[in-house]
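The values are calculated or read from the model by the stated rules, or taken from the named source; none is laboratory data. Everything numeric in this text was worked out from a predicted model, so none of it was measured. Cβ placement follows ideal geometry from the backbone for every residue including glycine, while neighbour counts extend to all protein chains displayed.
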Amino acid sequence: MPMKVIKSALETSTYVANMRASGQKIGFVPTLGGLHKGHQLLMQRAREENDVVVISIFLNPMQFRKKQFIEYPSDFEQDKTIARKTDVDLIFHPSIDEMFPFVKRIDDFFRFQNDEFRMRDNKRFVVEPKDKNGIDNLIRVPSTLVEQLDGKLHPWCFDGSATIVYKLFQILQPNRAYFGEKDIQQLAILWKMAETYFPSLKVVGVPALREADGLAFSSRNALLSDEQRQIALNVHSALRHGERLIRRGEFEAFLVLSAIKEIIKVQSFVNIDYIDIVDKKSLKPVSQISGGIILYVAFFINGIRLIDTLIVD
Ligand code: PAF
């Protein structure tokens, strides 16, 4: 069937509901646009596991500072070509008004970010019917999930992604939704959000795309010289070493962490910004390893900040 592009939420919701009523399974990949190989991997996985593949292209102002929002590389024609090649059935491409009908000016989204260190419920998601900037159905992510890893630096960003994904799930009611494991904190938050509000929807994490030499795919890789790239790869090997220790039965997190740090320390030009072993679902640092965990490291190579993660189930 030829790929469809729909801008209206109501039309999209009716179209997808008809597909579901005829017994078809809906796989959904939300995106901000600027589609690349990482998105293609998600779409291919959705294609393999569902009858209908829907993607959304929506540059969500809640997730960006104003400058980043303005500079985000969007090319809808190119995105359409990539989606068509990847066998997508429907692109939902709403306007900002369609998704946030009560927000008057674009600057109101950036004003909402000033509230970023507000009090949150410790454990529960809270839906704010309408905040003072006109954002309706604003999802506040519990502090236990936000105040971990990188979330400490920009907690509002996760309220932004949880809010838009909540709205998209309401419109589309898909059977499965696909997200990259590369943004591991976002994934953990959306898992929990879906479990809370959309219990019959399955959130699927797709392993991070790696380049041929094993480096995690990132637009920042282009900034690395050959030597710096090798250093980043050595950091990755250090995580792999940690993984091997765990698979061989080491369950003391501090021993695994010190073995990883030892390997990273001997690399010149690397500064570790943050390193930890956290529980895959709660994102809390663990002292004893059991069940699914994430080896997480954020590091600088000559001022370029990179993140690498390994999930060990
Ligand atoms: O990961 C992203 O691309 C975005 O955060 C998402 C999930 C599409 C929500 O805007």
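For the reader, a short list of remarks on this structure follows.
- Where a residue in segment 28-42 is on the phi < 0 side of the Ramachandran plot and part of a helix (DSSP H, G or I) and its partner, wherever it lies, is of a type outside the set (A, V, I, L, M) and within 8 Å of the ligand (Cβ to nearest atom), with Cβ under 9 Å and at least six apart: Gly38/Gly180; His39/Thr31; His39/Gly180; Leu41/Gly180; Leu42/Thr31; Leu42/Phe179; Leu42/Gly180
- Filter result (touching a Phe, Trp or Tyr at 6+ places or on another chain (Cβ under 9 Å), within 24 Å of Leu145 (Cβ to Cβ) and buried (at least 17 other Cβ atoms within 10 Å of the Cβ)) within segment 262-279: Ile275, Asp276, Ile277, Val278
- A Cβ distance below 8 Å, combined with a sequence gap of six or more or placement on separate chains, defines the contacts here; from segment 160-177, residues that are of a type in the set (S, T, N, Q) reach residues that are outside any strand (DSSP E or B) and within 9 Å of the ligand (Cβ to nearest atom) in the pairs Ser161/Asn60; Ser161/Met62; Ser161/Gln63; Ser161/Gln186; Ser161/Leu190; Thr163/Met62.
- Scoring Arg111 on the criteria (1) more than 14 Å from the ligand (Cβ to nearest atom); (2) touching a helix residue (DSSP H, G or I) at 6+ places or on another chain (Cβ under 7 Å) leaves a single failure, condition (2).
- Single match in Pro174, Pro199 (criterion: part of a loop (DSSP other than H, G, I, E, B) and either away from the ligand (no atom under 16 Å from the Cβ) or among the hydroxyl-bearing types (Ser, Thr, Tyr) (or both)): Pro199
- Residues located in segment 291-304, provided they are closer than 20 Å to Leu187 by Cα and either out of contact with any Lys or Arg (no Cβ under 9 Å at 6 or more places or on another chain) or in a strand (DSSP E or B) (or both): Ile293, Ile294, Leu295, Tyr296, Val297, Ala298
- Sole exception among (1) within 14 Å of the ligand (Cβ to nearest atom); (2) surrounded by fewer than 21 Cβ atoms within 10 Å (Cβ to Cβ) for Ile164, by number: (2)
- Sole exception among (1) under 24 Å from Trp191 (Cβ atoms); (2) out of contact with any Phe, Trp or Tyr (no Cβ under 6 Å at 6 or more places or on another chain) for Ala259, by number: (1)
- Residue in segment 191-204 that is at pLDDT 95 or above and of a type in the set (Asp, Glu) present: yes
- Summed over segment 177-196, the residues that are more than 18 Å from Glu147 (Cβ to Cβ) and within 14 Å of the ligand (Cβ to nearest atom) give a count of 7.
- Inter-residue pairs, beta-carbon under 6 Å, first more than 9 Å from the ligand (Cβ to nearest atom) and in segment 47-61, second assigned to a loop (DSSP other than H, G, I, E, B) and acidic (Asp, Glu), 6+ apart: Arg47/Asp87; Val52/Asp89; Val53/Asp89
- Selection status of Ala212, at pLDDT below 90 and assigned to a loop (DSSP other than H, G, I, E, B): yes
- All positions within segment 200-225 that are within 19 Å of Phe28 (Cα to Cα) and basic (Lys, Arg): Lys202
- Test: His39 is in contact with a strand residue (DSSP E or B) (Cβ under 6 Å, 6 or more places away or on another chain) and at pLDDT below 95: yes
- Once segment 205-235 is narrowed to residues that are crowded, with 17+ Cβ neighbours inside 10 Å and under 19 Å from Lys280 (Cβ atoms), the residue that is farthest from the chain's Cα centre (by Cα) is Ala216.
- Selection status of Arg20, in a helix (DSSP H, G or I), in contact with a strand residue (DSSP E or B) (Cβ under 7 Å, 6 or more places away or on another chain) and either at positive phi or more than 16 Å from the ligand (Cβ to nearest atom) (or both): yes
- None of Glu128, Glu116 is away from the ligand (no atom under 13 Å from the Cβ), modelled with pLDDT under 95, of a type outside the set (Phe, Trp, Tyr) and in contact with a helix residue (DSSP H, G or I) (Cβ under 6 Å, 6 or more places away or on another chain) except Glu116.
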